[in-house]
1. Might you let me know whether region 127-146 holds any residue that is assigned to a strand (DSSP E or B), surrounded by 15 or more Cβ atoms within 10 Å (Cβ to Cβ), β-branched (Val, Ile, Thr) and in contact with a strand residue (DSSP E or B) (Cβ under 7 Å, 6 or more places away or on another chain)?
2. Please find, among LYS185, LYS278, the residue that is of a type outside the set (Val, Ile, Thr), over 19 Å from the mean Cα position of the chain (by Cα) and not in a loop (DSSP other than H, G, I, E, B).
3. Find all pairs meeting these conditions: Cβ atoms under 7 angstrom apart; at least six residues apart or on different chains; first residue within region 593-607 and more than 15 Å from ARG672 (Cβ to Cβ); second residue exposed (fewer than 15 other Cβ atoms within 10 Å of the Cβ) and not acidic (Asp, Glu).
4. Any idea which of (1) on the phi < 0 side of the Ramachandran plot; (2) of a type in the set (Ser, Thr, Tyr); (3) at pLDDT below 95 is the one TYR220 doesn't satisfy?
5. What's the total number of residues in region 541-560 that are among the charged types (D, E, K, R), within 18 Å of GLU488 (Cβ to Cβ) and under 24 Å from the mean Cα position of the chain (by Cα)?
6. Scan region 669-679 for residues that are within 12 Å of THR598 (Cα to Cα) and exposed (fewer than 13 other Cβ atoms within 10 Å of the Cβ) and jot them down.
Amino acid sequence: MKFLFTIFNLVCWGLVEVLAQNHPVLYPQPTAVKYNQGEILLQNIAVFVAPSAPEEVSFALNELKQILRERSGKLPKGASNAQTSTLQYRIQTPGGALPQPNEATTQSPREHYTLTISAKGIDINAHTSTGLYYAVQTLRQLIRGEGSKASLPFVDINDRPQMAFRGVMMDFAHGGLLTVEEIKKQIDFLARWKTNQYYFYNEVSIELEGYSTLNYRASYTQAQVKSIIEYAQQRHMDVIPFVNFYGHLHELIRNEKYASLAIGKYGHELDPRNAGVKTLLQNWIKQYTALFRSPFIHVGFDETWETKRLNSTGEMSLNPEALYIQQLTFVSNELKQYGKTLLAWTDMSSFYPEIIKKFPADVIPVIWQYSPDSAATYHYLDPVLKEKRPFFIQPAVSGWGHIYPESDYTYDNIALCLRAGLRHQTLGFITSVWTDSVEPFVRSSWMFMAYGCIAAWQGQVPDKKTFAQHYSNIMYPRMGSEMGQAFENLAIAGDYLGKCLGKNTQSMPRGTLVEAWSNPFASYYLANTEAHMADFREVRKYSEEAQAQLIAALPKATRADSAFIHSLWVSARLINYTATRFMWAKTIVDRWDYAMVTKKKEDYVIYDLTYPCHSLLVDAMDETGELKRVYEEAWLSECMPYRLNGILSRFDVEYSLWRKLHLKVVDFQIQRDKQAPVKSFVELFKPDF
């Protein structure tokens, strides 16, 4: 009897486990979820949108109708009135479409919602229209199956965010400029993870009246920015201006008209003592506050190192700390007139630990730390905690120095910042995406942006070991397996590449991208390749697997997903080529030196190096030329042409390296003195760009 009871228990637990496995993974995980037996077919759902419904309510309901159509293949039935609608909803408070500055301190219920799916239909109870919209995003993820079999499980959900402010900062100053269409796609994507802030990082990439020559045709018009703001607001996302009113203004200062405003010579920082700086910033502040409706503004103030350098080298007699506070106070006072809540970075505390106590009272410190190093995080956090200041915390996707983001490093950085932020009651969480290297596609960072947004809502990071696959199942229900494996293989390929490259990062921490274009025939890189040949092979193996999975996903993809997958495929090819160019250089040198110097016999080496349709040098030329073509396609599907030529020229220079060597080897064969001893490949051909 005891044996039978044990068997019965095991069977029951097994059934529970099977049922649990059938439940969809939800990102972010709701506060409370209880599944019940039963389901409702999508084809049986009727949605009523009242003509008198507020705009934000109509938008949420129409988005739900589109979601149901995408998964079932048919537009859902239209209910004639609210009573006959399968979907019932209640909104307790009108308004509340966007987060307000007091949201964290008052623990506002603005984003709360409950969702019940049962035999009676779908019932949503939301505090505001924002909660209704977020319930729709959860419904999107609950759907199982496709076509006539697509269904929603019976479930009870009670959900609220763990953090009031959950944002992504997008860099529109350093790399390529995303098209407006791409920015809107990004906002759609971030809305899926219940992101409520979008920080528009700008130095001089927004057109301002009176500054017509400043980045002309390399910036966004005010009309474009307004359209982005409107688009985001429909999705309950506040677009926040992220400007630099002190440092990082080289694109302004390099112009002779504005050079006198600098503290150095054509440098990066404005001079707080210059009356012209105050006039310029008063004008900019007036224009930015008129353009952006957000109650927040992030004023940067990071990396103001030039003032410190000029003082330390004796070029000027300065007090960098006092100048910093003078500038921040001036900006704070100006923005007070417009009712803005200011955020500012605190990295100057690294040099001046007492500077936080001198911050104007209305400025909210923002801790940025882009490494998974607890000591580094608290180096910036401790001075803020000491002054008992409310703060935001800001990790980053580690992608600016890599073709594809460094996955584990990014996951761990986000996890560390989240833990530290929650432990000390941070007001908000901002996931940064920087584009300093220009070359990497921003689309490669999307999954990691989602990771940060998901973590901020649910108060804990997803399991990084299973995240890529679960994320892929949600984002790409028709080809989740292929996409999950592609993401994993890209990450592994990047890890192996990091073992081979990264000593020279051009001040971009842990970056492999700078060395990816170095001369592979230089003595250092030939020795480095010999030491890491096995790692380079692994790079190629995993990047080729990623390409195969992405190619397998394409026939199942929607048109929008196809463009996205194409960008990832180009990134996988670039990773593969980076390894190949070093391996081919070493193989060419070794093949030549063994045949011509050691054996003193040509032994088909020239054939192996130069045969027109299949040889090592032709391989490199072919791949470089093809990469340039597909890279340009991917770039223009994501970005404006600005800065594209700077990247394409890298392929041109790279092609010329292999082409010149091809010609030199062919000419050697024609002109060689067969009686003279042959030098090594590097001595004879001096490979260089």
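1. First pass over region 127-146, keeping only residues assigned to a strand (DSSP E or B): 144.
So of that shortlist, the ones also surrounded by 15 or more Cβ atoms within 10 Å (Cβ to Cβ) come out as 144.
When the remaining residues are screened for being β-branched (Val, Ile, Thr), the result is none.
No, region 127-146 contains no residue that is assigned to a strand (DSSP E or B), surrounded by 15 or more Cβ atoms within 10 Å (Cβ to Cβ), β-branched (Val, Ile, Thr) and in contact with a strand residue (DSSP E or B) (Cβ under 7 Å, 6 or more places away or on another chain).
2. Sole residue among the options that is of a type outside the set (Val, Ile, Thr), over 19 Å from the mean Cα position of the chain (by Cα) and not in a loop (DSSP other than H, G, I, E, B): LYS278.
3. ASP593/SER680
4. So TYR220 meets the others, but not (3).
5. Counting residues in region 541-560 that are among the charged types (D, E, K, R), within 18 Å of GLU488 (Cβ to Cβ) and under 24 Å from the mean Cα position of the chain (by Cα) gives 2.
6. Listed by number, the list holds a single entry, PRO677.
So that you can scan it fast, the table gives a plain yes or no per residue for (1) under 20 Å from ARG573 (Cβ atoms); (2) among the hydroxyl-bearing types (Ser, Thr, Tyr); (3) in contact with a Gly (Cβ under 7 Å, 6 or more places away or on another chain):
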residue: ILE403; (1), (2), (3): yes, no, no
residue: TYR411; (1), (2), (3): no, yes, no
residue: LEU422; (1), (2), (3): no, no, yes
residue: SER432; (1), (2), (3): no, yes, no
residue: SER445; (1), (2), (3): yes, yes, yes
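Rundown of residues vs (1) farther than 25 Å from HIS250 by Cα; (2) open to solvent by 10 Å² or more (accessible area, probe 1.4 Å); (3) touching a residue at least 12 places away in the same chain (Cβ under 8 Å), yes/no style:
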residue	(1), (2), (3)
SER294	yes, no, yes
GLU303	no, yes, yes
LEU310	no, no, yes
LEU343	no, no, yes
PRO353	yes, yes, yes
ILE356	yes, no, yes
ALA376	yes, yes, no
PRO383	yes, yes, yes
PHE392	yes, no, yes
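The values are calculated or read from the model by the stated rules, or taken from the named source; none is laboratory data. No experiment lies behind these values; they were computed from the predicted model shown. Methodologically, a virtual Cβ is constructed for each residue, glycine included, from the backbone with ideal geometry; neighbour enumeration extends over all protein chains shown. These accessible areas exclude ligands, DNA and RNA; they are computed on the full protein's heavy atoms, side chains included. Shrake-Rupley method; radii C 1.70, N 1.55, O 1.52, S 1.80 Å.
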